[in-house]
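The values are calculated or read from the model by the stated rules, or taken from the named source; none is laboratory data. Not measured: the values here are computed from a predicted model. Note that we place each Cβ from the backbone using ideal geometry, even for glycine, and neighbour counts take in every protein chain shown. Calculation scope for accessible area: heavy atoms of the full protein, side chains included, ligands and nucleic acids excluded. Shrake-Rupley method; radii C 1.70, N 1.55, O 1.52, S 1.80 Å.
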Amino acid sequence: MDVPVLKVNAKYMGPSKKGPAMAGVLTMSDTRFKWTPNYASGSAPLNIEFSVIKAHFFSKGKKALLNLSKGSDAKAEGYVFEYDDVRDRDMCRDHVAKILGKQSNGGAPAAPAMKPLIAPVAGSQSDQFDRAEMERRLKLLQTDSELQKLHSELVIGGVLSETEFWAARKHMLEEDVTRGPKQRTGLKTAMLADVRPLTDGRTNKVTFNLTPEIIHQIFTEKPAVHRAFLQNVPTKMSEVEFWTKYCRAEYLYRTKNQAAAAAEAADDEDLAVFTREDDIIQNEARKKIKRVDPTLDMAADMADDYTHLPGHGTYRDGSKEETEYNGVKLRSIMNDINRHAAVVLEGRPLDGLPVAGADTATVAQALAIAQQAQADSENIDELEQKRLERLRDMTLNDDLQGPQEAPHVPLTIQDPRKYFDSQAAPAGESGPAAPTSMDPGEALDSFHEQLVSWKRNGLQNCLLVSPSLALKIMTDLTREVAASKFTLGRTAEKNVLDSLPKAIKDELSQQSAAVHELLRHFWACYPLTSKFLLEKATRLKQAMSKIYTHLGKMKESASGDLRHQISQLVQPIFHALDAAITHFEEDEKRRASKSAQKQAPGQQNGSYGAKLVAA
Amino acid sequence: MKFKIEGLTVYFPYEYIYPEQYQYMLELKRALDAKGHCLLEMPTGTGKTITLLSLITSYQLANPVGKLIYCTRTVHEMEKVLDELRRLHAFQEKEIGKEAAKILALGLSSRKNLCIHPVVSGEGSRESVDAGCRKLTASWVRLAAVDNPNIETCDFFENYEKKGADALLPPGVYTLHELRNFGREKGWCPYFLARHMIQFANIVVYNYQYMLDPKVAGIISRELEKECIVVFDEAHNIDNVCIEALSVNIRQQTLEGATRNLNKISQVIDKFKSTDANRLRQEYNRLVEGLAQRGDLPLADHWLANPVLPDDILKEAVPGNIRRAEHFVAFLKRLVQYIKGRLLTDVVESEGPVSFLTSLGRECSIDQKALRFCYDRLTSLLETLEITDTDEFLHIQAVCDFGTLIGTYQRGFAIIIEPYDDRMPNIPDPVLQLSCLDASLAIKPVFERFQSVVITSGTLSPLDLYPRLLSFNPVIFKSFTMTLTRDCLCPMILTRGSDQLPVSTKFDMRSDPGVVRNYGRLLLEMVAAVPDGVVCFFVSYSYMDGIINSWNEMGILQEVMQHKLVFIETQDVVETTLALDNYRRACDCGRGAVFFSVARGKVAEGIDFDKHYGRLVIMYGIPFQYTLSKILRARLEYLRETFQIKEGDFLTFDAVRQAAQCVGRVIRSKADYGMMIFADKRYNRHDKRSKLPGWIQTHLRDAHLNLSTDMSLHIAREFLRKMAQPHELLGLVIATACGRYHFCTEGSLPRF
């Protein structure tokens, strides 16, 4: 039976894969996908099983295409759909990827009992089919293959329900939502705004190429241009005219034709914006200078310098030079570089806005808003505090300071007695009296006694092992001790797991994850107050028994060396499982006797699970 | 920790001390005991400042000496010193209790940096803030304000004045910022408060010029007692500061301004004549009595003091020919006219003050005696005329300073008239330069007046040159070596590019495209291999400008930008400061950055590039002075005649100390590490290399000489790999006499 999981509008590109595109509706289930044309005349509807699909491809460009191919490459025969929305495409793509992945993993695609990937559980209010939630879960599963395996084993295997599985993982989902993109992308260090003209070599024409990204950078690095753009476009001139003017000014500047640039600027006041010194930058600098690190504030230094009052000091002594030409400050590449670097460091003020693809007007507007917001959010006190901290950092010599204690999280134990008792209890039970508690003298005495008794009685009544076996054991032990002494510390990073073959390792880790998950749910069921919980516990117990036998078999089947290691590894799992199963059975008995007391005896259910013995 | 040096208990705010710091304290203490001057060289990166502060404050606690006057080159160094002092003070308080450790330490700077008046402090330049302050605080303004409430005064100054002697700073350590905050809190003017508090302070931190430049020192440092201990930190450039302090230059703009000023003064005189002739008469009488300066001038009326040294100021009646205001104005007009005429020359002229005075007397009948009183007469006049906008009158001030200086000194000065800059012969820019040639002149009164003067820096080699340049006899002069637990310095001398062609900034080679490209490739290879911050120093602004433009055209700059952000020092200090701030942030956030700077520039003088802010410095070329400069020529000649210092020796000494200063910026503590590349083939020559300070030479192994770009890249990679290993301080802990633990790194142990 097919449950449609997805239903979106998609155009089918026809058997040739090239079009013409026919509008229709695409429905996907776990086993097959269907496409029905909107107009009956268009094309025959499709109804294809996923098992015939071998690979899928999607487009990176503007068109949202999905190619489900019967062969292993994109050119092979297949079905191409075009979507109106990239998000629809991505959803379908993810779904297909999942199914195809399952096919290639598990051989036969769908066991009859296979449930839809995200199974809606009827009846529970919170389990309303929430598309956004589902997307998030899907995404998480895709990024985390371990989780995916666990999910496929437990949920799709029917042991746990979808909600139960996700209930414990709410934080993962939430994190995923709040985190957004993993890292903020900064600006590129390359100077985009430094557009270089292209010549075609034959005519005198030069071409400038401006992309929205470049324009964005020009706006941030040259606020005067940004302001001029906001003021003049489109009221006074068109965008093309504006950029033509800009490029003209740039070209004149680039060809070192300062005089021509100045002349042009004098003629055209709009053009003058591009050649003049940027007053916005100057104002900004004046503001910023107040909060620089005092250990490098050279402006303050200048204000303290009375030796170089105008007319004082040496003017031209060979070590200093003045590049001021008659008091006019010329724009130089150095200013541009400094400005660029400053902007790059400030980061991208248009976070989250699609810079690419947006037109320049929106970029300009958005930038203005972002800058305003930034200016508003500055806090003087905080800056002052930071300034002082940096000063401290700059003057402190940590080399001469005593060793600092490594930062640690203090251990908090709510009830120390309980904690230590629980620690001590197993030790007390497991072994004989702990040797540490014995007085050394006492120990010596007891040893002496034993020695004396041996001397007197000989070793006749002791159980003797055969010398060859004893020797073998001793050699083995010695070798092990020697080996561990040799390897200890040097191969600290080496894990027992690493020495296992990969298949077994993967299997083990997956099983242990599954067991943990099951145990968590199992213990969460207690006390079994309702029938639902009882059923769940029973179901979980069965699953656990299965894993138990599985692990047992695995251990048995492993060869020589590995067997020991595997048994070591699974030991804790077995312990945990034993504890759970014993608890379940005891509880079972208690319940049975209780119900027996209430009702007539003999109505017990059959006992669950064979008693399993730990090897 | 607390320990004893020859019976003196020293409080040192760290748990460990380097052996050279201990040695340094020992020598310093001996100099203080002997009440003499000393010259101490200790490599950068060994915590000189804290050593000095720690010993001297401990010495102050134990002995009745005067205050510590700590002179720094820059304001940001001042802030650092005060911050270290705060740490030290906190430690002393902990050790000996709050009462006993009570000190008052403060930094002093100009009005521009201290003013909190909302309008005046917003003024752009230093001069306009000074003038703005004077407009609100001059005695006659305040007097007038009493009657006329519409006249604006400064509330902060008024509040401070009202408090009188009660306006005191409580003990503590005050940076400029804290002074301002304190001022705001109390409503007192921080600038005048700080100046007043100097006499009560135990430690004063200020700029060199407050001690060396008579114009400023005459106001600020007049009343310091003889027992003071004066420290000049980072003093490798002290000779240049001394020379600058006594030099005057007069350009066409100066003369035009001076003429304007004189016209304005004449107008005001005329006005006064009609309204308040009495005032001018009073001034005349005062001058007859020989009181050029009234002794009891109100605090705020002081402007700049006499440009000549305190001992040389004449204390007699102002000569008759300039006593009358209009006579003095005519006198100055003649002087300005004469200088104007001299500036019209097409050839470079150079003469001594004596011949200049002779021709001055012959052509405009201006005599030497009257010239000497130029400055005093002008200040008296400006004050009489109640002129407050001092920033407008700087031009005539410069002319008068010139007159007073040549009237006073006949030796150690030269007058050089240049019609244009040699490097730009097409642009006429005539300048008359009165150049001081003898660095010892300005510092002489300091040595004579104060009991102990400490001159210290990371690079004072060759040590014997400084006593000659400054003509003093230190009781102790010593250079300390650096003990290192690992080779955390890696100097290299690069002589060739990857193509094996030599690189140099020698005049005939520097614009060769091959050299420019090789220099660019070197940077490119290095930014790709070195993490965090890289600093490049060039020999001059014009050279840097040229090479950056070439790199930009060659596309090298763009490639460098693929690896790191680029920041550049420009002539605009505000822009440079912001660039530096951004540079640090780029290093902090891990993006990494390159800073292009100029040797002898502001950045090379006082900015640290320690830790990750500078893992590599590249010194492009040898920063020689422009040897064709007439002023430099005159100075070299003077040095040869008076001190028998050879020209070549001095030039090399000067260039190499600048280079060493540049590269020394990368290391500030021994846990730090950094590489230094000297990229010029001339560094490989022994005469240059041997002038590098000892702490660089000891690390300059033979394998690091005469390298090409690829070889140096290899060494750099090796070095970085080695330094990236976890670093443990291998040290010995030995018990000292006082029972405390005393830490010594491997190497020399202090003797007890």
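Calculated mean residue ellipticity, 222 nm, chain B: -14500 deg cm²/dmol, from DSSP H runs (n ≥ 4) at -39500 (n - 2.57) each, averaged per residue and rounded to 500.
For the range A:492-577, the extents of the C-alpha atoms along the principal axes are 47, 28, 19 Å, listed from largest to smallest.
Chains A and B together bury roughly 8100 Å² of accessible surface, counting both sides and using a 1.4 Å probe on protein heavy atoms.
When the distances between all Cα atoms of the range B:377-453 are binned every 5 Å from zero, what whole-number percent does each bin get? Answer for the range B:377-453: a P(r) of 3, 11, 14, 14, 14, 17, 14, 7, 3, 1, 0 percent.
For the range A:516-529, putting each phi into the Karplus relation 6.51 cos²θ - 1.76 cosθ + 1.60 with θ = phi - 60° gives couplings of 4, 4, 4, 4, 4, 5, 4, 5, 5, 6, 7, x, 7, 8 Hz, in residue order, rounded to whole numbers and with x for Gly and Pro. Remark: the range B:607-658 carries a charge dipole of roughly 100 debye about the Cα centre, counting +1 on each Lys and Arg Cβ and -1 on each Asp and Glu Cβ. Working note: Karplus 6.51/-1.76/1.60 with θ = phi - 60° gives the range B:255-269 the couplings 5, 4, x, 4, 4, 4, 4, 5, 4, 4, 4, 4, 4, 5, 4 Hz, where Gly and Pro are set to x. Using the structure shown, select from A:LYS222/A:LYS288; A:LYS287/B:LYS80; B:LYS271/B:LYS333; A:LYS502/A:LYS541 the pairs with a Cα to Cα distance greater than 21 angstrom. A:LYS287/B:LYS80; A:LYS502/A:LYS541, as the Cα separations exceed 21 Å there.
Kirkwood hydrodynamic radius for the range B:666-712: how many Å is it when counted over pairs of different Cα atoms?
Result for the range B:666-712, one decimal place: 11.9 Å.
Each Cα pair under 8 Å and six or more residues apart adds its separation to the average, and for the range B:10-90 the resulting relative contact order is 40 percent.
Taking amide H atoms as placed 1.01 Å from N in the peptide plane, the amide H of B:LEU39 lies under 5 Å from those of B:ILE455, B:ILE476, B:PHE477, B:LYS478, each 5 or more residues away in sequence or on another chain. Dividing the convex hull volume of the alpha carbon atoms of the range B:213-274 by its residue count gives 129 Å³ per residue.
What percentage of all Cα-Cα pairs in the range B:179-327 are separated by more than 20 Å? Working shown, then result.
Working: 7409 of 11026 pairs.
Result: 67 percent of Cα pairs exceed 20 Å.
Computed on chain B, with alpha-carbon pairs under 8 angstrom and 6+ residues apart, the relative contact order is 17 percent.
Determine the shape class of the range B:5-75: with a ≥ b ≥ c the square roots of the Cα gyration tensor eigenvalues, call it rounded for a/c under 1.5, and otherwise prolate if a/b is greater than b/c, oblate otherwise.
rounded
For the range B:644-665 and the range B:347-390, what is the separation of their Cα centres, given in Å? Here the answer is 36 Å between Cα centres.
A Cβ-based charge dipole, computed about the Cα centre of the range B:513-579 with Lys and Arg at +1 and Asp and Glu at -1, lands at about 240 debye. Legend: P(r) of the range B:474-515 from all alpha carbon pair distances, 5 Å bins from 0, whole percents, reading 5, 15, 15, 12, 9, 9, 12, 12, 8, 3, 1. The orientation-averaged projection of the convex hull spanning the C-alpha atoms of the range B:604-723 amounts to 8.6 square nanometres. The distance linking the range B:670-725 with the range B:533-594 is 22 Å (Cα centroid to Cα centroid, whole angstrom).
Counting only Cα atoms, I'd like the Rg/Rh figure for chain B, Kirkwood definition for Rh.
Rg/Rh for chain B comes to 0.98.
Compactness ratio for the range B:327-366: Cα radius of gyration over 2.2 N^0.38 Å (N = residue count) comes to 1.21.
For B:LEU707, the residues whose modelled amide H falls within less than 5 Å of its own, excluding neighbours fewer than 5 places apart on the same chain, are B:ILE493, B:LEU494, B:THR495, B:ARG496.
Computed from the C-beta positions of B:VAL119 and B:ARG468 and an R0 of 45 Å, the FRET efficiency is 0.35 to the nearest 0.05.
When a/c is below 1.5 the answer is rounded, else prolate if a/b is larger than b/c, else oblate, so apply that to the range B:304-429 with a ≥ b ≥ c taken from the square roots of the Cα gyration tensor eigenvalues. Here the range B:304-429 falls in the prolate category. The alpha-carbon positions of the range B:65-206 define a convex hull whose volume is 118 Å³ per residue.
Heavy-atom accessible surface of A:LEU471, to the nearest 10 Å², is about 110 Å², with a 1.4 Å probe and all protein chains retained. Net charge dipole, chain B: roughly 880 debye, given to the nearest 20, about the Cα centre with Cβ charges of +1 for Lys and Arg and -1 for Asp and Glu. For the range B:352-401, the extents of the C-alpha atoms along the principal axes are 36, 17, 15 Å, listed from largest to smallest. Amide hydrogen proximity for B:CYS536: with H placed 1.01 Å from N in the peptide plane, the residues at 5 or more positions away or on another chain lying under 5 Å are B:PHE595, B:PHE596, B:SER597, B:ILE618. Karplus-derived 3J(HN,Hα) values for the range A:215-226, using 6.51 cos²θ - 1.76 cosθ + 1.60 with θ = phi - 60°, are 4, 4, 5, 4, 4, 6, 7, 10, x, 5, 5, 4 Hz; glycine and proline are entered as x. Quick one: helix B:374-384 against the long Cα principal axis of chain B, what's the angle to the nearest 10°, folded into 0 to 90? The angle comes out near 60 degrees. Considering every alpha-carbon pair of the range B:561-642, the percent of pairs per 5 Å bin, from zero through the bin containing the longest distance, is 3, 12, 20, 19, 14, 10, 7, 7, 5, 2, 1.
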